[in-house]
């Protein structure tokens, strides 16, 4: 592959889930040829693989048939499946010089060691983004964390540049905390929002009304945070030190399943780093 332009490198995608559905078209648009989309033999996996392969003018494979046919293999499986996938692929011959990525945020490139022992260059290449059905993020806005073999890392960085995005180095030992950062940045925010929906329903709003009421303040809060940082984006009764308001919140939130616990945990976190008046008094009433 050293004598081939990377923009013309061939790629096999292992998996056809939400990440692969977004990644495949972006790679094609960047000039890469996706040769195969390999998937498990379940009906849903085969269906997703066929749909993605059709869009990419690629061929489908079963996971058991996948191997080092392409220059690059990009494994888009769940974290718990990566080890077994690497072992399965390593049974195939002719891995020397091939490049293999996985896209787990929590696991390092070491999970690909069965393929590395066969001569492949391996790296983890994780996009810090949420991928859900029906929504396609702009790949050029996605930061990618990369670590692994120097040869594989160089290939990964070139692909990310061709996607119009940016990459940054991550240490192997830091991957779990880095991935936890992603959890705080998206799924746990959604978990907080669904708690807010329960609060809204208890206040007499429907779920759709609650979303409409919350959407403008959420957008402005995220804008403030992104542009000015956490302290400048922080507002409300905790910052003002409104003890009686917080006490009213705590009293009424007892009627909403789980809401009081979430509220207390978030207030405790806020008091660690964010500006707040009457800090000691607030700390006492939320414990």
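The values are calculated or read from the model by the stated rules, or taken from the named source; none is laboratory data. All figures in this text were calculated on a predicted structure; none of them were measured in a lab. Methodologically, a virtual Cβ is constructed for each residue, glycine included, from the backbone with ideal geometry; neighbour enumeration extends over all protein chains shown.
Are there any helices (runs of 4 or more DSSP H) wholly within region 234-275 with 2 or more residues that are over 20 Å from residue 217 (Cβ atoms), and if so which?
By residue number, 243-253, 259-273.
Quick check on my filter: what residues within region 206-233 are part of a loop (DSSP other than H, G, I, E, B) and in contact with a helix residue (DSSP H, G or I) (Cβ under 7 Å, 6 or more places away or on another chain)?
If the condition is that a residue be part of a loop (DSSP other than H, G, I, E, B) and in contact with a helix residue (DSSP H, G or I) (Cβ under 7 Å, 6 or more places away or on another chain), then no residue fits.
Hand me the list of strands (runs of 3 or more DSSP E) wholly inside region 60-140 holding 3 or more residues that are without any contact (Cβ under 8 Å) to a residue 40 or more places away in the chain.
Result: 121-127.
Among the residues of region 230-243, are any assigned by TED's automatic domain parsing to the domain that holds residue 282 and under 22 Å from the mean Cα position of the chain (by Cα)?
yes
Quick one: is residue 190 surrounded by fewer than 17 Cβ atoms within 10 Å (Cβ to Cβ), over 21 Å from residue 13 (Cβ atoms), outside the structural domain of residue 68 (by TED's automatic domain parsing) and out of contact with any strand residue (DSSP E or B) (no Cβ under 6 Å at 6 or more places or on another chain)?
Taking the combined requirement at face value, the residue satisfies it.
Given the condition out of contact with any strand residue (DSSP E or B) (no Cβ under 8 Å at 6 or more places or on another chain), in a loop (DSSP other than H, G, I, E, B) and modelled with pLDDT of 95 or more, answer yes or no: does some residue in region 34-52 qualify?
Checked region 34-52: no residue is out of contact with any strand residue (DSSP E or B) (no Cβ under 8 Å at 6 or more places or on another chain), in a loop (DSSP other than H, G, I, E, B) and modelled with pLDDT of 95 or more.
Among the numbered conditions (1) surrounded by fewer than 19 Cβ atoms within 10 Å (Cβ to Cβ); (2) within 21 Å of residue 42 (Cβ to Cβ); (3) over 17 Å from the mean Cα position of the chain (by Cα), tell me where residue 96 comes up short.
(2)
Being farther than 30 Å from residue 109 by Cα, at pLDDT below 95, exposed (fewer than 11 other Cβ atoms within 10 Å of the Cβ) and out of contact with any strand residue (DSSP E or B) (no Cβ under 8 Å at 6 or more places or on another chain), is that true of even one residue in region 264-287?
yes
Quick check on region 141-179: of everything there that is free of Cβ contacts under 8 Å to residues at least 24 places away in the same chain and under 17 Å from the mean Cα position of the chain (by Cα), which residue is farthest from residue 9 (Cα to Cα)?
Here the answer is 177.
If you check residue 200 against the conditions, is it out of contact with any helix residue (DSSP H, G or I) (no Cβ under 6 Å at 6 or more places or on another chain), touching a residue at least 12 places away in the same chain (Cβ under 8 Å), buried (at least 16 other Cβ atoms within 10 Å of the Cβ) and in a helix (DSSP H, G or I)?
no
Condition check ((1) more than 30 Å from residue 210 (Cα to Cα); (2) in a strand (DSSP E or B)) across all residues:
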| site | (1), (2) |
| --- | --- |
| 151 | yes, no |
| 154 | yes, no |
| 157 | yes, no |
| 168 | yes, yes |
| 175 | yes, no |
| 180 | no, no |
| 188 | no, no |
